[in-house]
Amino acid sequence: MRPNMPVLALAALLSLGALGSAAAAEPYREHYPQARIDPARGVDGDIGFSDTLPFWRTEAELERNAKWVGDPHEQWKLNWKFMDLDRVELHPGHLAVDEGEAMAARLGQRSPAFLLCLADGGKDLKGRAAAYPKYDAMLGRIVTVESHIEHCAKTVLNEEIRQGSPANNKLAVYFKSQSAGTPIKVDLGDGKLMESYRRGEKLFYAKTGQLNFACATCHVPGSIMGHKLRGETPTTPFADAAHYPTYRTPVGALESLQERFARCHSQMRTLQLKPGDPAYVDLEVFMTVLSNGYPVSVPSAR
Amino acid sequence: MRSLSPRRAAFGILLLAAAGQAAAQAPAADYAAYPCLSYSLECGKLATRRPQLKQLDGALNGNAEKGKQLAQARNSGNCLACHVMKGGSQPGTRGPDLSHYGNAGRSDAETYSMIHDMRTRNPDTLMPPFGTNAILSDPEIRDIVAFLQASK
């Protein structure tokens, strides 16, 4: 859908107001027309967006629509959600969870303070992942599950378990599995998170790279979403954050959400950023708010 | 060993199918000459190259056979990502069908300009600015125009 004239005029007025005096220094940048997403609606925001949520929201709906699996025209409407949890027999993601659990136990034996750090001083990890990303006032930054693991390893064990490394992904998928089924609840009342959400939203529409694509070029209604892009069909961005890190069957390895951003960037012929880059953190906050209310769904495979 | 319900079996098969289409990773190229999302790197401050209306200079002199290959190759035009084209497999469906473009009676000049930079017609186009962003060279765009005009 293309915005109509009054909307465009209004947008022009608003942006004039927002530009202020620093405008001259800003480089010319193009943006994909913004879709309307209300962060307060969480995953329900997909209604009026891709409108596919009713097909994949619940186990019963996925079961009812199982006939679409493998159908090149219909399958995208399931948002790949039939690949989550134990919906797939002998799910390799389960093995990754087991490995992550064993690794956490080993590190915990070396220093119980590591597990305490992971659990923010609590007694276990149950349900904790559902509240990530969150703002850490002591560190003065937004923390994701992956950066939290990196931080605890460094401060407690004096060990590098970098975001994006196989070890970090294994620990992260175990950490998140301890919240499987718990609805995601990113705290929108936290001003720092809302600022990050707004920055992430802006990045989502920013055109980058040699192809001049934005994330929105492929992941909003009216774009390529739902259309064939050679062998693939881009789906809705709602509830994606819920099933990460995911086990990538084609390469036989776990992939974090931010590594997936980098992979889309490579397709976009845009410079890839490293996991933990502040821009990727903002994108992760944006995308996780789009998963609010949807259960953490690891392990998963894609 | 858990039992295999029919539904799970179907999903299992799909998992295997997904493994088969392991997408070839694009070669690690240096895209830092174009805007990126970084808050600190230089590319984060680069401007988008502005829409550029480029006229076809002189006669077309394109090679349709070469144009066909350029339009299909993923590391070149990859027009097939969005368009149905003559002789291409796994076409995209978002852009208009170009498999009979030669019957539309559009001029070489107009076609050239659109491929060079579609933003001059539609600022919100999804189509990459192939000429402006140096995805395709002038002779390559000529070859693709020849291919499109020969698609009947």
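The C-beta contact set for segment B:78-106 (first residue within 15 Å of A:Gly231 (Cα to Cα) and free of Cβ contacts under 8 Å to residues at least 12 places away in the same chain, second residue hydrophobic (A, V, I, L, M, F, W, C) and open to solvent by 20 Å² or more (accessible area, probe 1.4 Å), distance under 8 angstrom, 6+ apart or interchain) comprises B:Ala81/A:Leu229; B:Pro91/B:Val84; B:Thr93/B:Cys82; B:Thr93/B:Val84.
Could you pull out the residue among A:Leu95, A:Leu90 that is open to solvent by 20 Å² or more (accessible area, probe 1.4 Å), within 14 Å of chain B (Cβ to nearest Cβ) and assigned to a helix (DSSP H, G or I)?
On the way: A:Leu90 fails: assigned to a helix (DSSP H, G or I).
Step by step, each of A:Leu95, A:Leu90 is checked, and only A:Leu95 is open to solvent by 20 Å² or more (accessible area, probe 1.4 Å), within 14 Å of chain B (Cβ to nearest Cβ) and assigned to a helix (DSSP H, G or I).
Any idea which residue in segment A:20-75 is nearest to the other protein chains (Cβ to nearest Cβ), counting only those that are of a type in the set (A, V, I, L, M) and within 20 Å of A:Pro221 (Cα to Cα)? Selected residue: A:Ala35. Any idea how many residues of segment A:51-82 are open to solvent by less than 20 Å² (accessible area, probe 1.4 Å) and out of contact with any Phe, Trp or Tyr (no Cβ under 7 Å at 6 or more places or on another chain)? Qualifying residue count, segment A:51-82: 2.
Given the structure, is A:Pro275 away from chain B (no Cβ under 12 Å), at pLDDT 95 or above and under 30 Å from B:Asp97 (Cα atoms)? The answer is no for A:Pro275. What do you reckon, is A:Thr217 among the hydroxyl-bearing types (Ser, Thr, Tyr) and modelled with pLDDT of 95 or more? In short, yes. Taking (1) assigned by TED's automatic domain parsing to the domain that holds A:Arg57; (2) more than 18 Å from A:Val43 (Cβ to Cβ) in turn, A:Glu284 satisfies each apart from (2).
What do you reckon, is A:Ala105 open to solvent by 50 Å² or more (accessible area, probe 1.4 Å), small (Gly, Ala, Ser) and over 24 Å from A:Thr235 (Cα atoms)? Step through it out loud before you land on a result.
Details: open to solvent by 50 Å² or more (accessible area, probe 1.4 Å): yes; small (Gly, Ala, Ser): yes; over 24 Å from A:Thr235 (Cα atoms): yes.
Considered against the rule, which asks whether it is open to solvent by 50 Å² or more (accessible area, probe 1.4 Å), small (Gly, Ala, Ser) and over 24 Å from A:Thr235 (Cα atoms), A:Ala105 comes out as yes.
In the set A:Arg230, A:Arg248, A:Arg269, only one residue is modelled with pLDDT under 95 and under 27 Å from A:Arg162 (Cα atoms); that residue is A:Arg248.
For segment A:225-235, check the following and say yes or no: at least one residue is closer than 15 Å to A:Ile142 by Cβ, open to solvent by 30 Å² or more (accessible area, probe 1.4 Å) and either in the same structural domain as A:Trp56 (by TED's automatic domain parsing) or of a type outside the set (D, E, K, R) (or both). No: zero hits. Taking segment B:76-104, which residues are away from chain A (no Cβ under 12 Å), among the hydrophobic types (A, V, I, L, M, F, W, C) and surrounded by 20 or more Cβ atoms within 10 Å (Cβ to Cβ)? Result: B:Leu98, single match. Filtering A:Gly164, A:Gly181 for residues that are open to solvent by 30 Å² or more (accessible area, probe 1.4 Å) and in a loop (DSSP other than H, G, I, E, B) leaves a single hit, A:Gly181. Checking each residue in segment B:31-56 for being of a type outside the set (A, V, I, L, M, F, W, C), free of Cβ contacts under 8 Å to residues at least 40 places away in the same chain and either more than 7 Å from chain A (Cβ to nearest Cβ) or closer than 30 Å to B:Gly87 by Cα (or both) picks out B:Ser40, B:Glu42, B:Gly44.
Just to be sure before I move on: is A:Ala129 touching a Phe, Trp or Tyr at 6+ places or on another chain (Cβ under 8 Å), assigned to a helix (DSSP H, G or I) and at negative phi in the structure I sent? Break it down stepwise before answering.
Working: touching a Phe, Trp or Tyr at 6+ places or on another chain (Cβ under 8 Å): yes; assigned to a helix (DSSP H, G or I): yes; at negative phi: yes.
When the stated conditions are applied, A:Ala129 passes them.
Out of the residues in segment A:188-218 meeting the condition of being part of a helix (DSSP H, G or I) and touching a Cys at 6+ places or on another chain (Cβ under 9 Å), tell me which one is farthest from the other protein chains (Cβ to nearest Cβ).
Keep residues of segment A:188-218 that are part of a helix (DSSP H, G or I), which gives A:191-205, A:216-218.
After this cut, where a residue has to be touching a Cys at 6+ places or on another chain (Cβ under 9 Å) as well, the list is A:203-205, A:218.
On the way: A:Leu203: 5, A:Phe204: 10, A:Tyr205: 11, A:Cys218: 9 Å.
If we take residues in segment A:188-218 being part of a helix (DSSP H, G or I) and touching a Cys at 6+ places or on another chain (Cβ under 9 Å), then A:Tyr205 is farthest from the other protein chains (Cβ to nearest Cβ).
Of the residues making up segment B:53-75, those that are closer than 12 Å to B:Ile141 by Cα and either in contact with a Leu (Cβ under 9 Å, 6 or more places away or on another chain) or open to solvent by less than 100 Å² (accessible area, probe 1.4 Å) (or both) are B:Lys54, B:Leu56, B:Leu60, B:Gly62, B:Asn63, B:Ala64, B:Gly67, B:Lys68, B:Leu70, B:Ala71.
The values are calculated or read from the model by the stated rules, or taken from the named source; none is laboratory data. Keep in mind it's a predicted model, so treat the numbers as computed, not measured. Cβ coordinates were reconstructed from backbone atoms using ideal geometry, including for glycine residues, and neighbour counts include every protein chain displayed. Quick note on the areas: whole protein, heavy atoms, side chains included, nothing else; ligands and nucleic acids left out. Shrake-Rupley method; radii C 1.70, N 1.55, O 1.52, S 1.80 Å.
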